[in-house]
Amino acid sequence: MSWAAHDLEPYAFQRHLGIKIAFVPLLLGSYAPDLMTKWFVYGVHLFGHEFKASDPVQFHRGWPGMGLTHSLLWGVVIGAILWKGFGSKLWGISFLIGDWAHAITDTGDTVGTMLLFPWTHHFSIGAWAYAGQAGRLTDAAAYFSGLGGMWDLVWILYGLYSWRVLTGTYFDNYIFAADHRFWGWLHKFIGRDGLLALYRAAFFYGSCRWIAWTIWAHVVHHYPYDLTWGGPHWVDAAHP
Amino acid sequence: MRLRPLGRDSGWTLVVWGTAAGVYIAIGVFFVDFMLSVFVAMGYLLIVTWLVPATVRRLR
């Protein structure tokens, strides 16, 4: 479980790959593994009913479950559909890079991911506690008290170090140029300032969310930091 | 290396985005549901950094 890394990693890849990738599918790939599952892990209330997985960890990362979305194969399948089905090699490869980054990053927690699915072995470094089963707020408090939050901070700092990828000039020369069909179509509706807002949105979201959740966890609620391996140990970490 | 002073446009952009970030963080700390979705952040940014400045420019 990572909170901001999936928002921020695409900008780091962008810095190194420039015009060779398209940003939108890269970001979509980075979000894809959790896109349809996260809400069911935490649960939602609709019309007086709670919809939540009976075993959130198994549903999110396991098999049987949706754990296959965190595998390398998932990225290959969706990337191939974008490439062969929709005729865009650029979108297919960009999606694949973003998706693999997500699956590999999530091996950092105590549950890990089935990277080589259909082999159902969970690859896990176990650096920070997976606490999705405890609900969104407890998960946030735990994540931003352990090494997971610090890992996100690395990406924020790397993004700030790579600040040029966020400039309008970079957007014109690389982002727009690499995928002019998509951005050109959108330009008709929201102009260049609107395009820039959308391009920067994930970095803005990841960075601001990191700061806000950190303040919420440690200033408003005083959850203790525990930067030891596999922590924080005040929460019941899930394992596969 | 010497840093060049920011141009007027760059300075204004920083002010707009810095204010947008400060307000987003302040809302997020007290209403955490506001930070649930990147799509909400996109909508917020479109309004604050594009729609509002464009409207102000048009009204001048």
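Values in this text are rule-based calculations from the coordinates and carry no lab data. Just so we're clear, the structure is a prediction, and the values are computed from it rather than from any experiment. FYI the Cβ positions are ideal-geometry reconstructions off the backbone, even for glycines, and counts take in every protein chain you see.
General observations
- Length-normalised contact order for chain A - Cα pairs under 8 Å, 6+ apart - percent: 26
- The helix-only estimate of mean residue ellipticity at 222 nm for chain A, built from DSSP H runs of length n ≥ 4 each weighted as -39500 (n - 2.57), is -16500 deg cm²/dmol after division by the residue total.
- Built amide H within the under 5 Å cut-off of A:G231, gap 5+: A:A129, A:L147
- Taking a point 7 Å out from the Cα of A:L160 in the direction of its Cβ, the residues of the stretch A:204-231 whose backbone N falls within less than 15 Å of it are A:204-212, A:214-215.
- The phi torsions of the stretch A:162-178, fed into the Karplus equation with coefficients 6.51, -1.76 and 1.60 and a -60° offset, translate into couplings of 9, 4, 5, 5, 9, 7, x, 5, 5, 4, 4, 7, 10, 5, 5, 5, 6 Hz, rounded to whole numbers, with Gly and Pro shown as x.
- Estimated distance in nm for a label pair at B:V40 and A:Y225, the labels positioned 7 Å out from Cα along Cα-to-Cβ: 2.7
- Peptide-level mean, for B:47-55, of C-beta atoms on other protein chains within 10 Å: 3
- Sites A:F86 and A:W185 - FRET efficiency at Förster radius 22 Å, r taken between beta-carbons, to 0.05: 0.90
- Rounded to 0.05, the FRET efficiency of the A:M36 and A:R192 pair, given R0 = 51 Å and the Cβ-Cβ distance, is 0.95.
- Euclidean distance of C-alpha centroids, the stretch A:60-100 and the stretch A:29-52, integer Å: 20
- Summed side-chain charge close to A:R61 - residues other than A:R61 whose Cβ falls under 14 Å, Lys, Arg +1, Asp, Glu -1: -4
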